[in-house]
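Participant: First the structure, then my questions, so here it is.
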């Protein structure tokens, strides 16, 4: 197998069940790998209540690659004050953390112009089977027309829509050099986003990963709620599993 130079990191969303601060989540992720991290804001309140600190700034600098996941649970990006406020706050966070991309779910973007007017390094993510649209490359490509948006390939979402490698290849062909990073995780009959070493589809997912180009791989699989030191061990196990299968860079 060819040695890969791409790096592996974790999303803070993968440890959202831990009742700890964002600073503590970044420390935990950094204990496993400083190659990459994604700060996940699930709701608008998390963005509005975000308080930048010198600790977060220093932690952000310690990662080679950092992205932000924009809220998706309670917002539609349209011409309203909430959207404008959230985008403005995200711009402040980007400037403070020097994040290289901001990930958006395309199914909740009603006004593309709002994103075009911002200074955010926007990256669009492909959607899972539960969504009505943006599950296929042709749908994502429409958002790329007359924009410089990047693309984030979620391989578990792709697996849900097509368990063969075909859709992955179509997305990669469509995205070209717009690909900023990939979200990686697996699934089971009861969980849609699991660490890959805990997933029923781990064999297929690892075969998908082997085909990916050298971009950061950010793990979104949700770790079960345990004591913090136990979650840390689970994260180490995930890293070791992926290193064994894919020769990942730390």
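Participant: Output the residue which, of all residues in the range 39-64 that are touching a residue at least 40 places away in the same chain (Cβ under 8 Å), over 18 Å from the mean Cα position of the chain (by Cα) and in a helix (DSSP H, G or I), is surrounded by the most Cβ atoms within 10 Å (Cβ to Cβ).
Facilitator: Ranking the candidates gives 56 first.
Participant: Could you run through the range 15-38 and say how many residues are out of contact with any helix residue (DSSP H, G or I) (no Cβ under 8 Å at 6 or more places or on another chain) and either closer than 11 Å to residue 66 by Cα or surrounded by 18 or more Cβ atoms within 10 Å (Cβ to Cβ) (or both)?
Facilitator: Residues that pass the stated criteria total 3.
Participant: Could I ask something else about it? Go through the range 168-192 and report how many residues are assigned to a loop (DSSP other than H, G, I, E, B) and surrounded by fewer than 21 Cβ atoms within 10 Å (Cβ to Cβ). Before you say what the answer is, go through the steps one by one.
Facilitator: Step one: list which residues in the range 168-192 are assigned to a loop (DSSP other than H, G, I, E, B), which gives 185, 187-192.
Narrowing further to those that are surrounded by fewer than 21 Cβ atoms within 10 Å (Cβ to Cβ): 188-192.
Residues meeting the conditions: 5.
Participant: Among 24, 38, which is the only one that is over 27 Å from residue 115 (Cα atoms) and at pLDDT 95 or above? So that I can check it myself, show each step before the final result.
Facilitator: Working: 38 fails: over 27 Å from residue 115 (Cα atoms).
So the residue among 24, 38 that is over 27 Å from residue 115 (Cα atoms) and at pLDDT 95 or above is 24.
Participant: Which one of 88, 101, 67 is at pLDDT 95 or above, surrounded by 17 or more Cβ atoms within 10 Å (Cβ to Cβ) and more than 29 Å from residue 229 (Cα to Cα)?
Facilitator: Unique residue meeting the criteria: 101.
The values are calculated or read from the model by the stated rules, or taken from the named source; none is laboratory data. Note that the structure is predicted; figures quoted are calculated from it, not measured. Backbone-built Cβ (ideal geometry, glycine too); neighbour counts: all protein chains shown.
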